[in-house]
1. Output the pairs from Lys16/Lys182; Lys115/Lys182; Lys79/Lys211; Lys3/Lys79 with a Cα-Cα distance over 19 Å in this structure; if there are none, say none.
2. Which value at 222 nm does the chain reach when only helices count, each DSSP H run of 4 or more adding -39,500 (n - 2.57), with the total divided by all residues and rounded to the nearest 500 deg cm²/dmol?
3. Could you please state how large a percent of the accessible area of the range 110-187 is carbon and sulfur, counting protein chains only and using a 1.4 Å probe?
4. Under DSSP H, which helices of the chain have Cα atoms covering 27 Å or more of the helix axis and a Kyte-Doolittle average no less than 0.0?
5. Rolling a 1.4 Å sphere over the protein heavy atoms, what is the accessible area per residue of the chain, to the nearest Å²?
6. Can you compute the radius of gyration and Dmax for the chain, using only the Cα atoms, both in Å?
7. Could you work out how much longer the chain between Ala119 and Glu160 gets when fully extended? Use 0.36 nm per residue separation minus the Cα distance between them, nm to one decimal.
Amino acid sequence: MGKVILIAHQKGGVGKSNTVVNLAVALATEKFNGDFNEILLIDADPQATTYRWNQRREENGSPSFPCIRLEGNISKQIKRESENYKWVIVDAAGRDSREMRSAMLSCDLMLMPTKASQADLELMEHMSETVNHARDYNENLNVNVFINMSPTNSQKEKLEARQLLQEYPEFSLMNSVIHERKAYRDSFADAVGVHEWNNSKAKAEFSCLLKEVMNFENV
Ligand SMILES: Nc1ncnc2c1ncn2[C@@H]1O[C@H](COP(=O)(O)OP(=O)(O)O)[C@@H](O)[C@H]1O
Ligand SMILES: [Mg+2]
């Protein structure tokens with residue numbers, strides 16, 4: 001059985017797909033010697049951002065991941081697929097989607113990117129309810145939250161956000177922080193991950209995030 005990592009948040013635009021593709025490339029590069037075939041990407045968002053990114057890689061002749069699209073109640077399908085891969089990374093739709101809720105029932109670890117702004121942090125309350133509800137069915141559901149798109153020129157927002165996030169014992173706050181960097185948008189546009197790009201800071205951030213994910217006891 002492969003490990004299933006779900007990247008989810010009810011809100012769009014927090015960096016779910018950015019995390020999926022960069023974590024997957026980091027994993028393939030650092031742990032599988034550039035072999036992309038051990039990692040299945042599941043795109044469960046009708047926007048298909050991850051799926052199309054991977055398709056562009058195929059068209060470019062770059063190594064691409066096995067990648068499928070799923071919709072609806074995807075819990076059993078995820079479990080089935082995980083038998084054939086070492087890792088499965090799921091990009092769930094935003095909103096309070098059925099895909100997000102059902103994927104929570106069959107993942108080993110959920111990663112939740114959030115921006116550090118007040119408006120975004122207010123959504124934690126609702127995500128906390130959703131996660132607690134999912135734990136009625138998957139009592140081992142572990143949820144790690146990390147800050148994405150943190151400004152590079154100020155520590156204040158990040159520190160305040162970290163303080164607030166500590167008030168949610170149902171989520172583990174990750175040490176890794178992903179900053180707002182043009183490298184993420186530019187590399188995405190070229191259908192590559194930051195491990196294949198020329199910005200060492202972005203690459204280092206995703207190496208840290210990967211390390212924290214790998215150190216997680218269940219993974
Ligand atoms: N750390 C970051 N720095 C700069 N741009 C980012 C970062 N994370 C995401 N983005 C950009 O923000 C937009 C939304 O990110 P995306 O991953 O598509 O969010 P979601 O999948 O949650 O809707 C995209 O244009 C993406 O390239
Ligand atoms: Mg997305």
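1. The answer is Lys79/Lys211.
2. So the calculated ellipticity at 222 nm is -12000 deg cm²/dmol.
3. 44
4. none
5. Averaged over the residues of the chain, the accessible area is 46 Å².
6. Rg, Dmax (Cα atoms, Å): 16.1, 46.
7. In short, 13.4 nm is gained.
The values are calculated or read from the model by the stated rules, or taken from the named source; none is laboratory data. As the structure is a computational prediction, the values presented were derived from the model and not from experiment. Ligands, DNA and RNA are stripped out before the accessible areas are found, and what is left, the full protein with its side chains, is counted by its heavy atoms. Shrake-Rupley method; radii C 1.70, N 1.55, O 1.52, S 1.80 Å.
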